[in-house]
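Let me begin by presenting the structure, written as structure tokens, before commenting on it.
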Amino acid sequence: MEQLSQQVAKIAAQLQQEGKEPSLALVKARLGIATMSPALLQAYQAWRNGAVSVQNTSEQTFQPVSEQPSDLQADLARIEAKLDLIIKKLGI
């Protein structure tokens with residue numbers, strides 16, 4: 001799972017550089033995975049929670065969620081709650 005976690009972190013960083021908000025769907029699409037797997041979900045959640053970052057990121061700077069403006073934190077909390085509901089309904 002370590003390799004998948006690094007891939008997820010790398011893709012998320014690329015999406016951020018493109019000005020896009022990394023989502024599970026965008027990461028999954030970039031990976032080219034046809035079905036949702038528990039390993040992918042765990043890797044995405046680990047990245048989202050800040051447990052995984054891209055190695056060799058000397059030229060990149062990541063802003064932890066705790067340092068983001070509060071309105072972004074509120075938006076993120078709302079999106080995470082919706083994602084949790086979707087995951088629960090899908091039984092993943």
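Here are the numbers for this structure:
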read-out: Gln55 vs. criteria in a helix (DSSP H, G or I), at pLDDT below 90, more than 18 Å from Ile92 (Cα to Cα) and open to solvent by 90 Å² or more (accessible area, probe 1.4 Å); value: no
read-out: Qualifying residue in the range 31-38 (condition: modelled with pLDDT under 90, in a helix (DSSP H, G or I) and either over 18 Å from Leu76 (Cα atoms) or open to solvent by less than 70 Å² (accessible area, probe 1.4 Å) (or both)); value: yes
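The values are calculated or read from the model by the stated rules, or taken from the named source; none is laboratory data. Only a predicted model underlies this, so the values are computations on that prediction, with no experimental measurement involved. Just the protein is used for accessible areas: all its heavy atoms, side chains included, with ligands, DNA and RNA removed. Shrake-Rupley method; radii C 1.70, N 1.55, O 1.52, S 1.80 Å.
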